[in-house]
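A.B. asks: First, the structure itself, so that you have it in front of you.
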Amino acid sequence: MASDVYSNIAASASGMDRALDAGNGIVRLAPAWVPRAFCTPGRRIRLHPDDYFPFEQTRGGIDERWLGSSVRAENGPLTGPYEGLSLVIDPDGGLLPFDEFVAHHKADAIGHRLQDAHGGWTVYSKYYDNLQPLPFHVHHDDEKAALVGKVGKPESYYYSPHMNNYKGDQSISFFGLQPGTTRAQLKERLERFVDGGDNRITDYALGYRTQLGTGWDIPAGVLHAPASICTYEPQSASDVFCMCESWSNNREVPIELLWKDVPPKHHGDFDFVLDLLDWEKNVDPNFVANRFMVPYETDASKSAGPGYVENWIVYRSNAYSAKELSVKPGQTVTITEDDAYGAHVIQGHGTFGSLETSAVTTIRFGQLSEDEFFVSAAAAKSGVTITNRSRTDDLVVLKHFGPGNTELGHVD
């Protein structure tokens, strides 16, 4: 069985230079597939039906595709060496690790602002595609993540209608806690984890029905159990988490996932787990007003004419942001951005800069594609010309950006 997706991976300075030059600052990325042992694939991320379980036993099925990722997934001792990491496609053959690509090019890839402020590409996006909801869990902030040698992980969600032909088994997400929930009440539910079965921690949460074409902002420290929706998730480049629900997907959640990113000396310490929470944000009575996101059109799109429509879809966090671009049939448009970004074409075919592009409908595990790109800062500022060759369908692109998006008015 497969231990990783690709075998022809090797970093070389000449290959990394050649890749950036060949696309005039735009590079193609290979699909990065990630399995999860505690999940059941929702089968909406366009893998071939036979390929959702390509790994050995205990690895689980593929229910995530990571986009523009400079980090690796943390999936236990059997994790492949490049699992979750994006790979740049060398036009002369072979694949180049994206983290080494960014480290080699530095500001020539991500721009001086991000390089000087952050020292690298500190975000990625992914599709989470589970048949059932995830367990109620939390991601650490920077301070708590540093205790286990990691960085914090805020994340955001966008429910793309193009990626959801159905809503899975439970299209209700649990976010935060009911106002008035006490620390003692939550601790009692966490302590039930050791007894097995369902600790019923979401009794203290609030559930929200999924509205396709909208999204949510989930800061670090906020408890959440995402619904069974194929979700586009821009987030900080980290895989740190703490599972707080003991029963999900009609199976027990291993207690090891509760203590996964808790320092060993605090294993068994439920007060430490409670300290991972941002209590004020969890019990915020204005949670919807502060966290729900309805797309809105960018200023450039409003003044551009009929050739395209571009909306902000993720915009509440300073750690990342995202847009949805729809190029109308038969149109050629040039889109400029202030910053580098990752791009994924989810509908249509045509050209993206000087490169051919076509959205995937069905792809085999290990097959390359023409649907994913990384756009360097220089290419973004010069403008990317996109042509939609269809006479009937929009060409649709999801784009995720790094921290401090200047167009939104965010600062580092």
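A.B. asks: Taking H as built 1.01 Å from N, whose amide H comes closer than 5 Å to the amide H of Thr40, not counting residues under 5 places away?
C.D. replies: Counting only residues 5 or more places away or on other chains, the set is Leu131, Gln132.
A.B. asks: With a 10 Å radius around each residue's Cβ, average the other Cβ atoms per peptide and rank 83-92, 191-200, highest first. All intermediate terms of the calculation are to be shown ahead of the outcome.
C.D. replies: Details: 83-92: 21.1, 191-200: 14.2.
Going from most to least packed, we get 83-92, 191-200.
A.B. asks: What is segment 44-94 by shape, rounded, prolate or oblate, if you read a ≥ b ≥ c off the alpha carbon gyration tensor as root eigenvalues and call it rounded for a/c under 1.5, prolate for a/b larger than b/c, and oblate otherwise? The partial results should precede the final answer.
C.D. replies: Working: a/c = 1.84, a/b = 1.31, b/c = 1.41.
Taking the square roots of the gyration eigenvalues as a ≥ b ≥ c, segment 44-94 is oblate.
A.B. asks: Additional query: Based on the Cβ-Cβ distance from Arg209 to Asn286, what FRET efficiency comes out when R0 is 25 Å, to the nearest 0.05?
C.D. replies: Values: r = 19 Å, r/R0 = 0.75.
So, using R0 = 25 Å, E works out to roughly 0.85.
A.B. asks: Short version: ³J(HN,Hα) in whole Hz for each residue of segment 32-37, in order, from phi by Karplus 6.51 cos²θ - 1.76 cosθ + 1.60 (θ = phi - 60°), x for Gly and Pro, what are they?
C.D. replies: Those phi angles translate into 10, 9, 10, x, 9, 5 Hz.
A.B. asks: Same structure, new question: Starting from the 7 Å offset along Cα-to-Cβ, what nm value, one decimal, do you get for the label separation of Thr336 and Ser354?
C.D. replies: Rounded to a tenth, the inter-label distance reads 2.1 nm.
A.B. asks: Suppose R0 equals 25 Å. What FRET efficiency, 1/(1 + (r/R0)^6) with r the Cβ-Cβ distance, do Asp50 and Asn250 give to the nearest 0.05? Mind dumping the intermediate values first?
C.D. replies: On the way: r = 24 Å, r/R0 = 0.94.
Efficiency at R0 = 25 Å is approximately 0.60.
A.B. asks: Can you tell me the length gained on complete extension of the stretch Lys302 to Ser14, counting 0.36 nm per residue apart and subtracting the Cα distance?
C.D. replies: Details: separation 288, 0.36 × 288 = 103.68 nm, distance 4.16 nm.
Working it through step by step, the gained length comes to 99.5 nm.
A.B. asks: In nanometres, what is the gap between the two model label sites at Thr406 and His267, each 7 Å from Cα along Cα-to-Cβ?
C.D. replies: 4.8
A.B. asks: Under the Karplus relation 6.51 cos²θ - 1.76 cosθ + 1.60, θ = phi - 60°, what is the ordered set of whole-Hz ³J(HN,Hα) values for segment 219-225, x standing for Gly and Pro?
C.D. replies: With coefficients 6.51, -1.76 and 1.60, one gets x, 4, x, 9, 5, 7, 10 Hz.
A.B. asks: Along segment 53-60, what does the Karplus equation 6.51 cos²θ - 1.76 cosθ + 1.60 (θ = phi - 60°) give for ³J(HN,Hα), rounded to whole Hz, x for Gly and Pro?
C.D. replies: Working through the residues one at a time gives 10, x, 9, 5, 4, 6, 7, x Hz.
A.B. asks: Something else: Quote the accessible area belonging to Ser171 in square angstrom, nearest 10, computed with a 1.4 Å probe and with ligands, DNA and RNA left uncounted.
C.D. replies: 40
A.B. asks: Shape call for segment 82-144 from the C-alpha gyration tensor, a ≥ b ≥ c root eigenvalues: rounded (a/c under 1.5), prolate (a/b greater than b/c) or oblate? Spell out each step's value before the answer.
C.D. replies: Values: a/c = 3.17, a/b = 1.36, b/c = 2.33.
Cα axes put segment 82-144 in the oblate bin.
A.B. asks: Then there's this: Using only Cα atoms, locate the centre of segment 315-391 and the centre of segment 47-126, then give the distance between them in Å, rounded to an integer.
C.D. replies: The distance from the Cα centre of segment 315-391 to that of segment 47-126 comes to 18 Å.
A.B. asks: Note down the net charge around Asp198, summing +1 for each Lys or Arg and -1 for each Asp or Glu among other residues with Cβ under 11 Å from its Cβ. Provide the component values of the computation, followed by the final result.
C.D. replies: On the way: positive: Arg189, Arg192, Arg200, Arg251; negative: Asp195, Asp203, Glu245, Glu252.
Net of charged neighbours comes to 0.
A.B. asks: Going by the alpha-carbon gyration tensor, a ≥ b ≥ c the square roots of its eigenvalues, is segment 124-237 rounded (a/c under 1.5) or, if a/c is not under 1.5, prolate (a/b greater than b/c) versus oblate? Before the final figure, lay out each step's value.
C.D. replies: Working: a/c = 1.94, a/b = 1.25, b/c = 1.55.
Since a/c reaches 1.5 but b/c is at least a/b, the shape of segment 124-237 is classed as oblate.
A.B. asks: What dipole magnitude, in Debye to the nearest 20, does the chain give about its Cα centre under +1 on Lys/Arg Cβ and -1 on Asp/Glu Cβ?
C.D. replies: Details: 36 positive and 55 negative charges, 155 e Å.
The dipole of the chain has a size of about 740 debye.
A.B. asks: Could you give the accessible area per residue of the chain, probe 1.4 Å, as a whole number in Å²? Working shown, then result.
C.D. replies: Working: 15670 Å² over 412 residues.
Computed with neighbouring chains in place, this is 38 Å² per residue.
A.B. asks: Now a separate question. Roughly how many debye, to the nearest 20, is the charge dipole of segment 221-262 about its Cα centre, given +1 on each Lys and Arg Cβ, -1 on each Asp and Glu Cβ, and no other charges?
C.D. replies: Details: 2 positive and 6 negative charges, 14 e Å.
Rounded to the nearest 20 debye, it is 60 debye.
A.B. asks: Using Cα atoms only, what is the angle between the long axis of helix 13-22 and the major principal axis of the chain, expressed in degrees (0 to 90) to the nearest 10?
C.D. replies: 60
The values are calculated or read from the model by the stated rules, or taken from the named source; none is laboratory data. Every value quoted in this text rests on a predicted model; they were computed, and no experiment measured them. So basically every Cβ, Gly included, is an ideal-geometry build from the backbone, and we count neighbours across all protein chains shown. Accessible surface is based on the protein model in full, side chains and every heavy atom, while ligands, DNA and RNA are left aside. Shrake-Rupley method; radii C 1.70, N 1.55, O 1.52, S 1.80 Å.
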